[in-house]
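J.: First the structure, which I've put down as structure tokens, then a few questions once you've had a look.
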Amino acid sequence: MLSLTLLRHGAVDERPFVLWGQLDPPVSIAGDAAMQRAVIGQRWAGVISSPLQRCRVFAQAVQPDCQVIDDLREMHFGVWQGLTPAEVMASDGARYAAFQADPETLAPPEGEALPAFRARVFAALKKWRETGPDGDWLCLTHGGVIRVLLQEWLRIDDHWRIAVPPATSLKFLLPEGGDPVLLALRPPCAD
């Protein structure tokens with residue numbers, strides 16, 4: 001039996017809701033502590049991770065020989081990377097609003113289209129599953145990756161309606177040939 005706990009990386013800095021995308025800042029001290037609290041007392045058959053350091057560093061601390069899977073990295077937000085939505089609205093409001101309204105056909109300028117991002121994430125997990133993992137696995141990844149998985153696995157029409165705060169974890173049972181089952185949803189633990 002295979003289960004997969006998706007853990008979003010901890011907070012990067014004090015600015016909430018930054019579109020970090022594929023920029024590679026480290027997790028803050030508070031963000032690392034929040035991830036520690038999210039996994040305390042748990043054991044894993046294996047760990048997979050995005051290559052970006054805000055995921056990979058913690059994954060390697062949990063399991064030094066974790067599998068780093070390049071295609072589990074966050075969506076590329078193009079010229080909007082490193083900005084908050086408010087900052088993007090101030091500088092490129094019409095285009096950002098159009099993208100929010102129709103992310104299936106519009107992409108951030110110089111960024112990745114949502115359908116391509118979704119296809120990349122699902123292809124990476126399919127390839128990983130073909131290796132025959134079993135037991136309880138941990139996946140360190142990003143809010144966008146988790147949102148597209150939740151959208152598909154729980155059949156939610158609009159992925160923007162899904163909030164995944166830093167250090168949130170979600171545990172899924174992944175039955176062979178069956179639909180994923182949400183077993184647990186854990187918001188970030190307070191200090």
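The values are calculated or read from the model by the stated rules, or taken from the named source; none is laboratory data. This structure is a prediction, so every number in the text was calculated from the model and none was measured. Backbone-built Cβ (ideal geometry, glycine too); neighbour counts: all protein chains shown. Just so you know, the surface numbers come from the protein's heavy atoms only, side chains and all, with ligands and any DNA or RNA stripped out. Shrake-Rupley method; radii C 1.70, N 1.55, O 1.52, S 1.80 Å.
J.: Over the chain, what is the percentage of antiparallel beta bridges among all DSSP beta bridges, to the nearest 5?
T.: 45 percent
J.: Take the Cα gyration tensor of the range 40-131, multiply each eigenvalue by 5, square-root it, and list the three semi-axes largest first, rounded to whole angstrom.
T.: After scaling each eigenvalue by five and taking roots: 32, 16, 10 Å.
J.: Another question, if that's okay. Counting only C-alpha contacts under 8 Å and six or more residues apart, can you give the relative contact order of the range 6-150 as a whole percent?
T.: The value is 34 percent.
J.: Give me a comma-separated list of calculated 3J(HN,Hα) values for the range 19-35, in order, Karplus coefficients 6.51, -1.76, 1.60 applied at θ = phi - 60°, integers in Hz, x for any Gly or Pro.
T.: So the Karplus estimates, Gly and Pro as x, are 7, 5, x, 9, 5, 10, x, x, 6, 6, 4, 5, x, 5, 4, 5, 5 Hz.
J.: Can you pull a Stokes-Einstein diffusion coefficient for the range 131-191 at 4 °C (1.567 mPa s), Rh from Kirkwood over Cα pairs, as a whole number of µm²/s?
T.: Roughly 101 µm²/s, to the nearest whole number.
J.: Answer with one residue from Ala163, Phe122, Pro188: the one whose Cα lies farthest towards the positive end of the charge dipole of the chain, charges on Cβ with Lys, Arg +1 and Asp, Glu -1.
T.: Positive-end residue among those listed: Pro188.
J.: Next question, about the same structure. Give me the base-10 log of I(q)/I(0) for the chain at each q in 0.12, 0.13, 0.17, 0.19 Å⁻¹, Debye formula, one uniform scatterer per Cα, rounded to two decimals.
T.: Taken in order of the listed q values, log10 I(q)/I(0) reads -0.56, -0.66, -1.15, -1.42.
J.: Looking at the chain, which longest stretch skips every one of the trypsin sites (Lys or Arg not before Pro) that is in a DSSP loop with at most 16 other Cβ atoms within 10 Å, leaving the sites themselves out?
T.: 44-154
J.: Pick from Ile40, Ile48, Ile162: which is most flexible by mean-square fluctuation in a GNM of the chain where alpha carbon atoms under 10 Å apart are linked?
T.: Ile40
J.: Quick one: dipole size for the range 65-146, taken about the Cα centre, charges +1 on Lys/Arg Cβ and -1 on Asp/Glu Cβ, in debye to the nearest 20.
T.: Computed about the Cα centre, the dipole is about 160 debye.
J.: Per residue Cα convex hull volume for the range 88-191, in cubic angstrom?
T.: In the range 88-191, the Cα convex hull volume per residue is 135 Å³.
J.: About the Cα centre of the chain, how large is the charge dipole given +1 on each Lys and Arg Cβ and -1 on each Asp and Glu Cβ? Please answer in debye to the nearest 20.
T.: For the chain, the charge dipole is close to 360 debye.
J.: So who's got an amide H within less than 5 Å of the one on Ser3, skipping anything under 5 residues away but keeping other chains? H placed 1.01 Å off N, in plane.
T.: When sequence neighbours closer than 5 places are left aside, the close amide H contacts are Gly135, Asp136, Trp137, Leu174.
J.: Using θ = phi - 60° and the Karplus relation 6.51 cos²θ - 1.76 cosθ + 1.60, list the HN-Hα couplings for the range 101-115 in order, rounded to whole Hz, with x at every Gly or Pro.
T.: Running phi through 6.51 cos²θ - 1.76 cosθ + 1.60 with θ = phi - 60° gives 6, 9, x, 6, 10, 10, 10, x, x, 6, x, 9, 6, 4, x Hz.
J.: If the elastic network links every pair of Cα atoms under 10 Å, which of Thr105, Thr131, Thr168 fluctuates the most in the Gaussian network model of the chain?
T.: Thr131
J.: I would also like to ask the following. What does the charge dipole of the range 1-113 about its Cα centre add up to, to the nearest 20 debye, if the Cβ of each Lys and Arg holds +1 and the Cβ of each Asp and Glu holds -1?
T.: With Lys and Arg at +1 and Asp and Glu at -1, about 500 debye.
J.: Sort Cys189, Cys66 by heavy-atom solvent-accessible area, probe 1.4 angstrom, most to least.
T.: Output order, biggest surface exposure first: Cys189, Cys66.
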